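> Input: one structure, supplied below.
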Amino acid sequence: MKSRGTAFLNLLQTIAIVAGLAYGAVELGQFRTEQRREAETEVARSFLSPELMDAFSVVMSMPDSLTLESYEADYADQLPHLLLLAQTFETVGIMVFNGDVRLETVDEFLGTPILFSWGKLETVYLQNREAFQAPGIAEWFQWLAERLQEYREGGAIAPAYEAFEDWSPRG
């Protein structure tokens with residue numbers, strides 16, 4: 001009789017432990033989802049800053065064949081803006097690599113500006129790496145641009161106006 005009671009209590013204890021672990025796993029998953037959502041919101045917010053928009057405007061005005069020499073001659077006064085843009089995209093690249101932000105979200109918020117900016121500035125950064133013997137210059141910016149390009153070539157979601165053309169608000 002005593003062993004039956006002990007077995008029953010052991011069973012209840014095991015059930016309680018398993019339930020506690022399951023609850024903890026669910027809570028951890030929700031915490032990670034919330035962390036990712038906050039990180040993705042910060043990425044979106046960072047792009048909405050007037051300073052970053054100014055920097056992107058400068059990049060948009062640059063010629064496609066920009067070299068380090070012409071960059072230094074024609075855009076030296078814009079260096080703070082351009083450093084902000086590059087550092088922002090470097091940070092986003094690190095966040096994607098670490099899994100803090102999904103590449104899909106970055107593509108939705110910043111994909112075109114990142115690819116456009118890398119396309120305009122790639123030669124400048126590659127020449128800077130060589131000139132300063134510093135292969136880490138804009139490394140995460142490049143990595144992010146390359147991942148975005150691969151993502152888009154691999155069948156990224158169509159633009160919202162096509163992908164969700166039948167959408168309507170729930171009434």
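> Go through the range 43-86 and count every residue that is part of a loop (DSSP other than H, G, I, E, B), surrounded by 12 or more Cβ atoms within 10 Å (Cβ to Cβ) and in contact (Cβ under 8 Å) with a residue 12 or more places away in the chain.
Of all residues in the range 43-86, those part of a loop (DSSP other than H, G, I, E, B) come to 48-49, 62-67.
Okay, now just the ones that are also surrounded by 12 or more Cβ atoms within 10 Å (Cβ to Cβ), so 49, 62, 66-67.
Those still in the list that are in contact (Cβ under 8 Å) with a residue 12 or more places away in the chain too: 62, 66-67.
The number of residues fulfilling the criteria is 3.
> Can you find a residue that is surrounded by 10 or more Cβ atoms within 10 Å (Cβ to Cβ), touching a residue at least 24 places away in the same chain (Cβ under 8 Å) and within 19 Å of Ser117 (Cα to Cα) anywhere in the range 17-36?
no
> Look through Glu90, Glu130 and report the one residue that is closer than 30 Å to Glu38 by Cα and of a type outside the set (Gly, Ala, Ser).
Of the residues listed, the single one that is closer than 30 Å to Glu38 by Cα and of a type outside the set (Gly, Ala, Ser) is Glu90.
> Among (1) in contact with a Leu (Cβ under 6 Å, 6 or more places away or on another chain); (2) at pLDDT 90 or above, where does Phe47 come up short?
(2)
> Let me ask something else about it. Assuming Ala39 fulfils every condition listed in (1) surrounded by fewer than 17 Cβ atoms within 10 Å (Cβ to Cβ); (2) hydrophobic (A, V, I, L, M, F, W, C); (3) more than 18 Å from Gln142 (Cα to Cα) apart from one, which condition is it?
(1)
> Now, a different point. Which residue out of Ala138, Ala145, Ala163 is aliphatic (A, V, I, L, M), surrounded by fewer than 16 Cβ atoms within 10 Å (Cβ to Cβ) and out of contact with any strand residue (DSSP E or B) (no Cβ under 6 Å at 6 or more places or on another chain)?
Ala163
> Tell me yes or no: at least one residue of the range 29-37 is in a helix (DSSP H, G or I), of a type outside the set (S, T, N, Q) and under 13 Å from the mean Cα position of the chain (by Cα).
Yes, the range 29-37 contains a residue that is in a helix (DSSP H, G or I), of a type outside the set (S, T, N, Q) and under 13 Å from the mean Cα position of the chain (by Cα).
> Exactly one condition in (1) on the phi > 0 side of the Ramachandran plot; (2) among the small types (Gly, Ala, Ser); (3) more than 16 Å from the chain's Cα centre (by Cα) is not met by Ser70; state its number.
The one condition Ser70 does not meet is (1).
> Right, another one. Looking only at helices (runs of 4 or more DSSP H) that fall completely inside the range 88-171, which ones have 3 or more residues that are at pLDDT 90 or above and either polar (S, T, N, Q) or touching a Gly at 6+ places or on another chain (Cβ under 8 Å) (or both)?
Numbers: elements: 103-132, 139-153, 160-163.
Because the criterion is at least 3 residues that are at pLDDT 90 or above and either polar (S, T, N, Q) or touching a Gly at 6+ places or on another chain (Cβ under 8 Å) (or both), the helices (runs of 4 or more DSSP H) in the range 88-171 that meet it are 103-132, 139-153.
The values are calculated or read from the model by the stated rules, or taken from the named source; none is laboratory data. Nothing here was measured: the structure is a model prediction, and the numbers come from that model. Cβ sites come from the backbone with ideal geometry, for glycine too, and all protein chains shown count toward neighbours.
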